[in-house]
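S.K.: Got a structure here, written out as structure tokens. Questions coming.
The values are calculated or read from the model by the stated rules, or taken from the named source; none is laboratory data. Just so it is clear, the model here is predicted, and its values are computed rather than measured. Neighbour counts run over all protein chains shown; Cβ positions are idealised from the backbone, glycine included. Surface accessibility is based on the protein's heavy atoms, side chains included, excluding ligands, DNA and RNA. Shrake-Rupley method; radii C 1.70, N 1.55, O 1.52, S 1.80 Å.
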Amino acid sequence: RRLAQEGDAARGIPACVSCHGDALVGVSPGIPPLLGLPRLYIASQLGAWLTGERRAPAPDCMSDVGRRLDAADINAVAAWLAIQSVPAHAHAADAPPAPLPMPCHAMRQAAISAPAR
């Protein structure tokens, strides 16, 4: 719960909510939801970021976060996220709750594909 909601500033690990939204149901169009997923899926995806098996175009924020996690962190976060209920009428946010804690391709791509106003 602590990593998901507060992060670990000493290790440079932002809270999951700081990017995936306060309700952890994602931010359109590029940041996925974390609720409603099985524990093993979450753990395998976090593990893939840790080992470098999963990558994104630069700036690859999840790779940076993943390398700062250890196996205990991954298991704890995955277990906690997997038992959380998806809020009723959940939908991805249009923007993160605040500026992202680090540069991230997911939001850069969203800015590129956003319609001009």
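S.K.: Within segment 21-34, track down each residue that is closer than 21 Å to Pro59 by Cα and either touching a residue at least 60 places away in the same chain (Cβ under 8 Å) or open to solvent by 50 Å² or more (accessible area, probe 1.4 Å) (or both).
M.R.: Within segment 21-34, Gly21, Gly26, Val27, Ser28, Pro29, Gly30, Ile31, Pro32, Pro33 qualify.
S.K.: Take the residues in segment 52-71 that are outside any loop (DSSP other than H, G, I, E, B) and open to solvent by less than 70 Å² (accessible area, probe 1.4 Å); name whichever of them is nearest to Ile13 (Cα to Cα).
M.R.: Val65
S.K.: Considering Ala106, Ala98, Ala90, Ala78, which residue is in contact (Cβ under 8 Å) with a residue 12 or more places away in the chain, out of contact with any strand residue (DSSP E or B) (no Cβ under 6 Å at 6 or more places or on another chain), hydrophobic (A, V, I, L, M, F, W, C) and open to solvent by less than 30 Å² (accessible area, probe 1.4 Å)?
M.R.: Ala78
S.K.: While we're looking at this one, here's another question. With the structure loaded, tell me whether Pro59 is modelled with pLDDT under 90 and out of contact with any Leu (no Cβ under 8 Å at 6 or more places or on another chain) or whether it fails that test.
M.R.: Answer is no for this residue.
S.K.: Continuing with this model, one more query. Kindly indicate whether Ala79 is more than 14 Å from the chain's Cα centre (by Cα) and either hydroxyl-bearing (Ser, Thr, Tyr) or at pLDDT 95 or above (or both).
M.R.: Yes, satisfied.
S.K.: Residues Ala43, Ala48, Ala15: which one is in a loop (DSSP other than H, G, I, E, B) and aliphatic (A, V, I, L, M)?
M.R.: Only one candidate passes the filter, namely Ala15.
S.K.: Restricting attention to segment 35-42, does a residue exist that is in contact with a helix residue (DSSP H, G or I) (Cβ under 7 Å, 6 or more places away or on another chain), open to solvent by 20 Å² or more (accessible area, probe 1.4 Å) and small (Gly, Ala, Ser)?
M.R.: There is no residue in segment 35-42 that is in contact with a helix residue (DSSP H, G or I) (Cβ under 7 Å, 6 or more places away or on another chain), open to solvent by 20 Å² or more (accessible area, probe 1.4 Å) and small (Gly, Ala, Ser).
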